[in-house]
1. Cα-based count: Lys pairs in the stretch A:287-456 below 22 Å, eight or more positions apart or different chains?
2. How many nanometers, to one decimal and shortest first, lie between the label point of A:Ile381 and those of its other copies, if labels sit 7 Å from Cα toward Cβ?
3. Rg and Dmax of the stretch B:48-114 over Cα atoms: what are they, in angstrom?
4. Describe numerically, in nm with one decimal, the distance between label points set 7 Å from Cα along Cα→Cβ at B:Asp428 and at B:Lys289.
5. Just name one of B:Gly164, B:Ile185, B:Thr145: the one whose Cα is farthest towards the positive end of the charge dipole of the stretch B:133-200 (beta-carbon charges, Lys/Arg +1, Asp/Glu -1).
6. Which whole number in µm²/s is D for the stretch A:287-456 by Stokes-Einstein, with the Kirkwood Rh taken over Cα pairs at 10 °C and 1.306 mPa s?
7. Applying a 10 Å radius around every beta-carbon, put A:270-280, B:78-88, B:327-337 in order of their mean neighbour count, most first.
8. Tell me the Rg and the Dmax, in Å, that the Cα atoms of the stretch B:349-407 produce.
Protein chains: 2
Amino acid sequence: MSLIKKIKDKKVNFEFNKEYIKVVTSKIANNDAQFITNSFNEMHPADAADIIEHLGQNDRESLIKLNNFNIDPEVFIELNESVQSEIIAYLSPDTIVRLLKNLESDDAITILENVDEKDKNTILSSLPPKDRFALLESLSYPEDTAARIMQREFTAVPSNWSVGQTIDYLRENKDLPEEFLEIFIIDEDFKPIGTVPSSKVLTTSRETKMLSIMSESQLLIPVDMDKEEVGNVFENYSLNSAAVVDKSNKLVGMIMYDDVLTVLKEEAEEDALRLAGVGDEEITDGVFKKTRRRFNWLLLNLFTAFLATWVISLFGATIEQMVVLAFLMPIVASMGGNAGMQTLAVTVRTLATNDLTKNNFTQNILKEFNIGILNGIIFAIISALVVQVWFQDSLLSLIISMSMIVTMIVAGLFGILVPITLKKMDIDPAIASSVFVTTITDVIGFVSFLGVSAYFL
Amino acid sequence: MSLIKKIKDKKVNFEFNKEYIKVVTSKIANNDAQFITNSFNEMHPADAADIIEHLGQNDRESLIKLNNFNIDPEVFIELNESVQSEIIAYLSPDTIVRLLKNLESDDAITILENVDEKDKNTILSSLPPKDRFALLESLSYPEDTAARIMQREFTAVPSNWSVGQTIDYLRENKDLPEEFLEIFIIDEDFKPIGTVPSSKVLTTSRETKMLSIMSESQLLIPVDMDKEEVGNVFENYSLNSAAVVDKSNKLVGMIMYDDVLTVLKEEAEEDALRLAGVGDEEITDGVFKKTRRRFNWLLLNLFTAFLATWVISLFGATIEQMVVLAFLMPIVASMGGNAGMQTLAVTVRTLATNDLTKNNFTQNILKEFNIGILNGIIFAIISALVVQVWFQDSLLSLIISMSMIVTMIVAGLFGILVPITLKKMDIDPAIASSVFVTTITDVIGFVSFLGVSAYFL
């Protein structure tokens with residue numbers, strides 16, 4: 001956060017400059033570290049980071065290893081995590097120490113999380129004791145907690161101060177965060193009892209007591225709260241910053257909206273990717289990394305596909321009797337799969353935002369059941385009509401419409417029940433649900449279609 | 001935004017209170033508007049909105065129509081859009097006018113967007129001329145532009161003022177937004193030339209000129225910029241607020257991080273839902289609304305499934321010759337579909353964040369081609385082994401492995417090319433891509449598997 005003010009003076013390109021990549025690439029080839037350092041200094045760090053991200057992996061390695069090129073901490077922190085960990089592997093512990101010293105604690109933690117275990121100790125021991133202690137303290141909390149996204153730099157004043165005293169203190173104290181949206185009011189035990197927005201201090205007369213303009217904030221974030229939960233709290237209550245407290249309710253840090261923005265956006269994005277069977281893939285990942293990340297999902301899918309094959313093989317005699325069943329059997333399974341995925345995608349988002357409660361649970365399952373019946377009837381009629389016109393066989397039309405209704409109801413029910421069950425078992429519903437749902441709909445689709453056929457033929 | 005300070009004094013429930021719904025429901029049945037008004041007043045508006053959202057639709061209607069119950073503007077704005085438009089239908093134009101008068105312009109616009117065309121004019125004519133003009137002006141811009149999410153209330157001072165003059169002005173002026181994170185510095189033509197964070201004014205001595213502590217912000221948002229683009233700019237440059245300018249570069253409004261948070265999160269969520277073939281579905285939508293929203297997708301899918309049927313029917317003679325082909329044919333198509341969806345999900349996210357550029361375009365397509373070959377070979381070997389063990393037929397193993405390689409390559413290529421092509425044609429790749437990709441992988445899967453079989457048999 002402290003970077004925000006400083007970087008605002010830099011020039012900004014809304015449109016990413018594609019030509020400039022070529023210039024940088026040729027300067028890397030010529031070992032012209034001076035040119036690159038100078039031009040990055042003129043740029044907004046986010047734009048410089050964009051350029052580094054868009055370099056080829058070899059060029060990126062050459063750039064970092066160039067003599068006299070030192071990557072700016074402000075640029076580094078703007079890189080995506082995949083490129084950050086790639087670059088960290090090329091950096092000496094000394095350079096990492098320099099980066100860490102220039103960053104606030106939340107950004108420093110992000111870097112330290114990506115450093116090798118053995119380098120981590122070398123680096124930590126080279127830091128000033130105060131910084132080292134703060135980082136070790138943050139690292140002692142699990143990776144997904146508020147402790148990892150909070151900064152330990154904040155502004156707090158005692159409750160008996162006046163606005164004038166506060167302003168005088170802020171003008172004299174040089175050890176404040178570069179920017180703070182709110183001032184925390186604390187009692188003698190360092191417990192936060194309220195907040196005053198910076199702008200409120202500006203609009204109030206000097207003699208007014210801080211206590212009288214303070215909001216009695218109840219929104220204290222426990223240091224071990226899950227960071228997705230922090231995101232939901234920020235979003236639900238439209239916060240721009242919040243105080244973080246330890247077990248004894250003492251103020252230990254502050255979380256800003258921009259750290260939360262990243263968490264919330266990443267969470268929604270991850271769900272989209274996980275539903276499609278991809279992990280935290282970055283565009284900058286290489287072919288092997290990407291293949292490895294997608295492998296498990298495809299392997300799992302292969303075995304569920306063989307399960308479907310086995311189900312179909314049970315009805316081999318029926319298919320031999322009437323080969324047109326083989327033409328039509330993918331239809332019911334495919335419709336069930338799609339209907340199930342629709343319900344699933346909605347349920348996963350609803351679970352992520354805590355909108356599905358015990359209170360509306362039965363109501364929503366009933367809804368999906370009714371949608372299943374409705375969709376089942378609608379698509380039973382449409383597909384029966386198409387089959388009738390195409391194959392002129394009313395038994396076949398009856399078979400497809402019956403199995404369509406069954407499959408659509410099952411698809412809707414499992415689309416909501418599977419993610420709820422997984423969530424109850426503490427498994428991320430986004431990552432595991434869709435393979436269950438599509439397997440179930442495939443099996444039910446084939447069994448109902450071929451089973452009804454076997455019964456009638 | 002002006003609501004933030006006020007609502008912070010209210011009590012907050014991190015855990016949604018499920019029992020309380022029952023209390024509210026019984027009070028609605030007893031027409032006890034007084035009780036509900038009182039308890040909503042004690043609650044955080046976000047919590048009161050949560051309760052209203054979780055009521056049954058009939059109870060919600062009864063609540064709004066209760067005598068003497070007036071929904072609080074702060075509560076209303078916290079409701080999700082689906083419930084907002086449901087409630088607006090029950091409200092008299094007078095009540096809507098009261099709501100609008102109490103909200104800042106960005107929130108007022110959100111409400112007005114949901115009002116019937118004929119009521120809109122009645123409502124607008126009941127508003128004070130200044131508010132009416134501002135709203136009409138905002139409505140004159142397309143729905144997805146910066147104009148619709150900006151607020152017209154902001155804080156701006158001339159460039160020659162000192163910090164002391166600024167603080168005196170802020171203390172005296174009662175017409176400021178409730179909270180402002182930054183003060184805009186404007187020239188004599190009302191053009192923004194820089195910004196000063198509120199906290200910077202607090203930490204600087206009175207005699208300092210605003211000009212000397214100002215950041216020369218280049219980040220001016222054009223009033224007609226697409227709001228998703230605004231979201232990307234905020235995220236990329238870690239902004240907390242930004243000035244909005246009209247065509248002649250005059251300052252006309254300000255956008256705050258919380259409006260952008262909603263845009264960014266909704267965008268990522270929408271992509272997840274659209275890839276699964278669901279529109280902007282809310283958990284509170286009824287059965288018919290949900291069925292209607294999912295219908296088009298399922299209908300489209302039904303016709304692509306019949307296309308696959310037609311493709312299979314071309315190989316009827318081959319299947320009759322060897323019915324085991326019917327058992328195995330869904331495997332290749334299913335693997336292709338999954339591999340294609342993986343590439344697609346990654347590409348859609350990459351396009352949304354503008355990370356796919358002309359510069360890395362060819363490189364990424366080549367990557368997907370290579371991943372396709374790698375995955376094709378890996379899964380060709382695995383499935384050939386399974387088929388060999390199961391059916392003891394080496395020709396069948398050869399057939400499935402050949403068609404697997406072809407299909408996986410095609411899946412990867414179309415998973416990246418389809419969304420890029422749609423984006424170039426200005427069609428949302430999230431909403432339209434997956435049906436194209438799965439149709440292509442289905443057809444290629446069946447044609448390659450049955451085609452190779454027909455050739456060898």
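1. The number of close lysine pairs in the stretch A:287-456 is 5.
2. Once sorted, the set of distances for A:Ile381 reads 5.3 nm.
3. Answer for the stretch B:48-114, Rg first and Dmax second: 11.0, 31 Å.
4. Label-label distance for B:Asp428 and B:Lys289, simple model: 1.7 nm.
5. B:Gly164
6. Values: Rh = 17.0 Å.
Stokes-Einstein gives a translational diffusion coefficient of 93 µm²/s.
7. Per-residue mean Cβ counts within 10 Å order the peptides as B:327-337, A:270-280, B:78-88.
8. For the stretch B:349-407, the Cα radius of gyration and maximum Cα-Cα distance read 16.7, 50 Å.
The values are calculated or read from the model by the stated rules, or taken from the named source; none is laboratory data. Just so it is clear, the model here is predicted, and its values are computed rather than measured. Cβ coordinates were reconstructed from backbone atoms using ideal geometry, including for glycine residues, and neighbour counts include every protein chain displayed. SASA here: full protein model, heavy atoms, side chains in, ligands and nucleic acids out. Shrake-Rupley method; radii C 1.70, N 1.55, O 1.52, S 1.80 Å.
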